[in-house]
Amino acid sequence: MTRPDDQNLLEGLRDLFSVLDPMPPDLVLHSQFAVDLDQLDLAVAVPAHEARLAGVRSRARTRLVSFDAPAMTVTVELRLRDDGTTRVDGWLTPPQDRTVELRTEHGSTTARALRGRFVFDAVVPGLAQIQVHDTDGGAVVTPAIVL
Amino acid sequence: MTADVDPTSWRDTAALFEAARAGDRAPMNELVATLSPLLWHVARSEGLDRELSQDVVQTTWLHLVKDMHTIRDPRAVVAWLITTTKRECWRVRAKHGHESLLEDQQVEEPAAPDPSPEEIVLRDDARRRLWRALEQLSERCRLLLRVVAFVPRPDYRVLAESLGMAKGGIGPTRGRCLAKLRALLDADEEGARP
């Protein structure tokens, strides 16, 4: 059973670790965005070795990041344009024809991947997520990407 | 200065999960807000750096959406999330090797909080004493308490396996670790008296 002084001690520990090693404030928002899906039949694409979401989070003008799902790798080059929008050039490996959806806080746009290549030309800054749809209603889904 | 998570606001995670599974967005968002700090500290306790820990927490939530209909007992959702976070940490570690690990286990000086100066001194002193006491605990106790401190209370009972404890052992182990910590704190206080 939990004694009242146990609760105080646990509160103290929570306080201590929240100060010493605080969870990044954006993590909850990013996670909430990532799971805000109509898509339930999904395969999770995880940030790949070379990529790390650092690339996804950083503000460099050009970033190359990739995500590994069980059956494919999604690689995107993100190029910040002078007007503040981002051009997204993507590759699916292995190459295949698919419908690719780019979901942002402002809505979704789709592009056709031909032999694995797809482009979103001028994406506004903010959170984005890539969904690669198959013909059976399933999709490969990335975490939130900061554009 | 209080912790980011207010324990009194913790609702029944099983109820939140059931509502989220039925397709409601608000309970899903609340579940993410309530339990992300726990998953963050699980990932950090597994030794991942801050950047990879963020990736792991986000990936774990996506896995929950993918697998939510395979979780038979909604009361198991916290245990399921902890187990999945740990598995993601192992996967990341296997892939990234040492680069993913914390180079420096040293803890930074506590950031300066904002309330009254006296309170700050007292609180900081309390934190420092707590940290000193923690350092004298076994690593197993230290990591267990760090994670347990962020677990919503009603969820203790179903956590045995996900925290690597023998079934039913979490309560006693947690109790023993807390008792040791309290004894160390008391001894420290005795020693500090003139």
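The values are calculated or read from the model by the stated rules, or taken from the named source; none is laboratory data. Nothing here was measured: the structure is a model prediction, and the numbers come from that model. Note that each Cβ is placed from the backbone with ideal geometry, even for glycine, and that neighbours are counted across all protein chains shown. Accessible surface is based on the protein model in full, side chains and every heavy atom, while ligands, DNA and RNA are left aside. Shrake-Rupley method; radii C 1.70, N 1.55, O 1.52, S 1.80 Å.
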- Query: Does residue A:88 satisfy the criteria of being assigned to a strand (DSSP E or B) and within 21 Å of residue A:43 (Cα to Cα)?
  - Reply: no
- Across region B:35-71, what is the total count of residues that are surrounded by fewer than 19 Cβ atoms within 10 Å (Cβ to Cβ), within 16 Å of residue B:15 (Cβ to Cβ) and more than 9 Å from every other protein chain (Cβ to nearest Cβ)? 1
- Before we move on, is residue A:66 under 19 Å from residue A:40 (Cα atoms) and among the polar types (S, T, N, Q)? no
- Query: Does residue B:100 meet the test of being closer than 29 Å to residue B:189 by Cβ, small (Gly, Ala, Ser) and modelled with pLDDT under 90?
  - Reply: no
- How many residues does region A:97-119 hold that are open to solvent by 40 Å² or more (accessible area, probe 1.4 Å) and part of a loop (DSSP other than H, G, I, E, B)? 4
- Task: Output the number of the condition that residue A:124 fails; it satisfies all remaining conditions of (1) within 20 Å of residue A:94 (Cα to Cα); (2) open to solvent by 10 Å² or more (accessible area, probe 1.4 Å); (3) of a type in the set (A, V, I, L, M, F, W, C).
- Result: (1)
